[in-house]
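Derivation of every value follows stated rules applied to the coordinates shown; laboratory data play no part. This is a predicted model, so every value here is computed, not measured. Backbone-built Cβ (ideal geometry, glycine too); neighbour counts: all protein chains shown.
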């Protein structure tokens, strides 16, 4: 399998959970049968309880899924589980545990795995010094909406989600995308309580919302009993608004979120260089601007007002620029004017020059790579702008929807069909825009 995937240019990442095992694991069964203080129990975290008969848990720690983080075994000791009782925590201070996971990593590496995603990595190290520290109870509580759920603002949420994704993709390092992000899906909040299966909801008596709203099967088609996920209804209810956001509905829309993801991932590969960045001066504290090796820039507007962007070519953006300005909640990747990125064919022109060319193209419908002098502004050389003129004359300008003066995310130039670049979908444990 790995050879076939590698042949298609796809890397294999193994999702590994080293913080705990199943309570059915041979190690844990051995631990339950072994006496206190045994080698088998030291692989896990067993402690005596509090009180004269150890009837109380060793500490007041709570599980992520609700309820105590300790479960008592028949001989009176308690074992720690930060998640479900069926998931006992391993003792990472134990050398045998660490060596066993090295064996596991070697097993998958020998079979062609390209890397690993470590789940609950933050839960491996614990302060287990006696006495165990009590749970902190003086944390401040922040209420975002007077204790009630705010009304969903889909437009604002999608704009910020698209911008956040491009910002993440502009940073060095590996990227993990959660299913549904590429369609612009938000969390499905309207799941009846009787249909929820997440332990976080069930074990907390409904106090914890759980993650099922982010696990609803994706809409592949615009209709059908499960929007293309099977012959019958999905195991979790899918809302009617899934249809317009389905893969089928977005597949041929150059302004769709799916097209944006495909274009951004394609450009990320083309612009890939050393894993570093350089901070650039910001604008009034509302702009995050940094440069990447090779010379391209990422500019994100976190403010409420439009801001200017560096002179150059916008190769992808989370939304259309307006009069050459970057709107609020928007990000753009820019190749500076006069700069040619190695291995990347991008027109060397400023945003203002592109806008002038678009206006010229409107006056001269037959504009080609060598336009008539009367169609260009005084002083404009055809050599420097010929690539842009050719792109415009070949149908690169799509009007106000994409902005004729820039090559926007989702817009198409010659040979840049959105469907030509297939994206990878990798899962991780936390939802993104959904």
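Things to note:
- Packing-based ranking of 88-97, 66-75, 310-319 yields 310-319, 88-97, 66-75, ordered from highest to lowest mean Cβ neighbour count within 10 Å.
- Alpha-carbon spread of segment 1-48, three principal axes, descending order, Å: 53, 16, 15
- Ranked list, fewest to most other Cβ atoms within 10 Å of each Cβ, for 165, 104: 104, 165
- All C-alpha to C-alpha distances of segment 263-334, sorted into 5 Å bins beginning at zero, yield P(r) values of 3, 17, 29, 25, 17, 8, 1 percent in whole numbers.
- Exposure proxy ranking, count of Cβ atoms within 10 Å, fewest first, for 36, 126: 36, 126
- Pair-distance profile P(r), taking every C-alpha pair of segment 39-92, with 5 angstrom steps and integer %: 5, 23, 29, 26, 13, 3
- Taking one quarter of the surface of the convex hull spanned by the alpha-carbon atoms of segment 225-301 gives a direction-averaged projected area of 8.5 nm².
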